[in-house]
Structure formats: structure tokens, C-alpha cells
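Reviewing the structure listed below.
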Amino acid sequence: MTFFDLASLAKPLVTAPLALTHLDLDLDRRRTLGFASREEPLTVRQMLSHSSGLPAWYPYRPGSLAEDLAVFQGWGKHALLAQGRVGEFLYSDLGYRMLAELLEQETGQSFQELGLRGSGLLPAPWSEAPRLVPDGQDAEAWRVACPELPFPSQGPGLPHDSNARAGMRGHSGFGCTPECLKRALEAWLAGGFPQRMAVDTVQAADGARWGLGLQRALKGSGRFGELLARVPLGTSGIHVIVADDPALPPPAPPIEGAYGEASAFWYHLAYTGPALFVRPADGLCIALLTHRQGPSGELLDAECLRARRWTMLDGWLKG
């Protein structure tokens, strides 16, 4: 199949560029977003860097997220049901939902319209369907968090992520063909967004370093930064690599030891398979388009998906 659900790649390619274009990064948004009882300021910069203190995830439902979170008692019952602390890293889909709401409030336009016009990527529902990915941890967490809410059904033209199917904006819901993605990346690079996003902002407990919508690739055995360090500086251009074969790849080198020094690359990974790597210093951009589906239609685990991405990058490097 040549159409791909970009899932969380909407964060760096759609939501973050729109936020950097239309929103003040450091204005306090507590009252605007309904978090009036919050003690600390709530800013766009925090949400872009996943350091806002907002929880990682919560089932999408119309209405006030702040009110829902204030009464929810199920924290810790699933890996996705995790609370954050202001100033500390916690990957949060909810922060990007809030960014989409802010963008709609300040522009008076729908997030889907803004995203289509700003990126050229295609908002769901799609007329051309990506490969159906089996339900994953978002479905499990939904049933733990809100068993009384009907789980949103999947459809061939709807995103994989359960929240995106139900309407959550900002963190997913866009798709593309390889040609469409190449055009979108050309506009993204021409707008200077990698340089604006690739700014060390917060460090996670495991050593991961995040900017404003992108994560820095680190060096070290089995890490993407070590693999990509083989690309000489000055190698620019946009490279969209497609792997549509569901066959399982050979294992990737094991990740060993502590993370190493920072590489010159920044990246983002999508739950459904696609990935994006960019080197702001020379504009080299490598996009991987693949599906998170195995030979029997099963959902690949994280290690198999890492192996598939590693094989794609290694094959491209070897030419």
C-alpha cells in the first residue's frame, strides 16, 4: 500500500510548525485552556517539549479536558495513564491536543484546515486507506480509563490511534503518499522549522533530550545517532525511503550501555511505523515510510519495529 498513517509524525510536521507560526511560546495559557486551579503557568513552549506536566494520555471526549483530569482517579493503572510534573519530560499526547485547541481559538479555523494548508499533508478521513494496524496499547488504556465510554470503531479511512478516531487533534490524524510527504518536507525545510525545533529544552530520566517537537538522536551502541553518524556533514537533500514488505527484518544491534554524546540528528517516531530524521546543520532529511504490521497481520512489538527502521536506514547508507 502506498498511503501511510503518519500518526505522531503530525506533531513535528503539522502541530509544532503551526504553533511556532501562530502562537506566543511563553504566554500563560492556564485560564484559556480551563486549568485555572493549576499553580504553575502553562505555556506553548512546555507543551511542545513535553514538559508541561500534563498527563501522557487520556481518552478523547468532547468538552473540558481540565475538568476530566480533575476528577479522574485511575492514574497508574496502565502505562499510558501517567501523570506528569511541570518542568520534567513526559511524552504527552494531551499537550498537543491543547496546542490544536489554542490554534483553533486564535485563528478561528479548524485544525484540519490549518494542517492541510500549512503542511500539504492530508487530514483524515482519507479516501485512500493505509494498511490497517491492529489495536495496541491505546485501546487497552481506553478500556481501563473509561470502560463506560464506547470505544471508537476503526475504519479504512480513519487513523489507527483510538483518540484520533474519536476526534483528538494535534497529535495525529494526517496521512500521505511518498510523493506527498516529499513535498511536505520541502516546505518544512524551506520554512526553517527544523532549526527552530532542534533546541535542547528538556532531558528525560533515560537521557533522551527533547526540543520543540523533535528528539535529539544520541550516539551509542545500537542507537540511531551512532548509525547516522556515518553520513558525512554536507550531505543534504530529502530522502523518502519506503518499505512495504511485512516480512520480519533481521534484529537490530542491541542497545548497550548508557547513552552517549548527542549526534547532529534530531528525529521523531510514529507508532504506526513511519519515522523522520533531520540534520538541521545541512538540511539532510530522511523519512521512513513503513507499516507496523507483521507477515501475519500482527502488530509488531517495539523491538521488531526498531529492527525494521534500522534495516531501512542501514540499507540507505550502504546505497
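Taken together, the values in this text are just the output of simple stated rules run on the coordinates, not laboratory data. Just so it is clear, the structure is predicted and the values come from calculations on it, not from any experiment. Cβ coordinates were reconstructed from backbone atoms using ideal geometry, including for glycine residues, and neighbour counts include every protein chain displayed.
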message: Report, to one decimal in Å, the Kirkwood hydrodynamic radius for segment 4-87 based on all distinct Cα pairs.
response: 14.2
task: Only Lys, Arg, Asp and Glu count, each charged at its Cβ (+1, +1, -1, -1), so figure out the dipole size of segment 1-101 about its Cα centre, rounded to 20 debye.
output: 120
Cα gyration tensor shape for segment 56-106, rounded if a/c is under 1.5, else prolate or oblate: oblate
message: Could you give each residue of segment 181-190 its phi-based ³J(HN,Hα) in whole Hz, using Karplus coefficients 6.51, -1.76, 1.60 with θ = phi - 60°, and x for Gly or Pro?
response: 5, 4, 5, 5, 5, 4, 5, 4, 5, 4
message: What is the sum of charges, Lys and Arg at +1 and Asp and Glu at -1, for the other residues whose Cβ falls under 14 Å from the Cβ of residue 155?
response: -2
query: From the square roots a ≥ b ≥ c of the eigenvalues of the alpha-carbon gyration tensor of segment 4-174, which class results: rounded (a/c under 1.5), prolate (a/b over b/c), or oblate?
result: oblate
query: To the nearest 20 debye, what is the magnitude of the charge dipole of the chain about its Cα centre, counting +1 on the Cβ of each Lys and Arg and -1 on the Cβ of each Asp and Glu?
result: 400
query: Of 20, 193, 65, which is farthest on the positive side of the dipole of the chain, counting Cα position, with +1 on Lys and Arg Cβ, -1 on Asp and Glu Cβ, and the Cα centre as origin?
result: 193
message: Bins of 5 Å, beginning at zero and ending with the bin holding the largest distance: percent of Cα pairs per bin for segment 168-249, please.
response: 3, 10, 12, 20, 25, 19, 10, 2
statement: The answer for trypsin sites (Lys or Arg not before Pro) in segment 228-319 that fall in a DSSP coil and have at most 16 neighbouring Cβ atoms within 10 Å is 230
query: Give or take rounding to whole Å, what are the principal axis extents of the alpha carbon atoms in the chain, in descending order?
result: 54, 41, 41
- prompt: Using Cα atoms only, what is the angle between the long axis of helix 93-107 and the major principal axis of the chain, expressed in degrees (0 to 90) to the nearest 10?
  reply: 70
query: Over its Cα atoms, what ratio of radius of gyration to 2.2 N^0.38 Å does segment 176-318 give?
result: 1.02
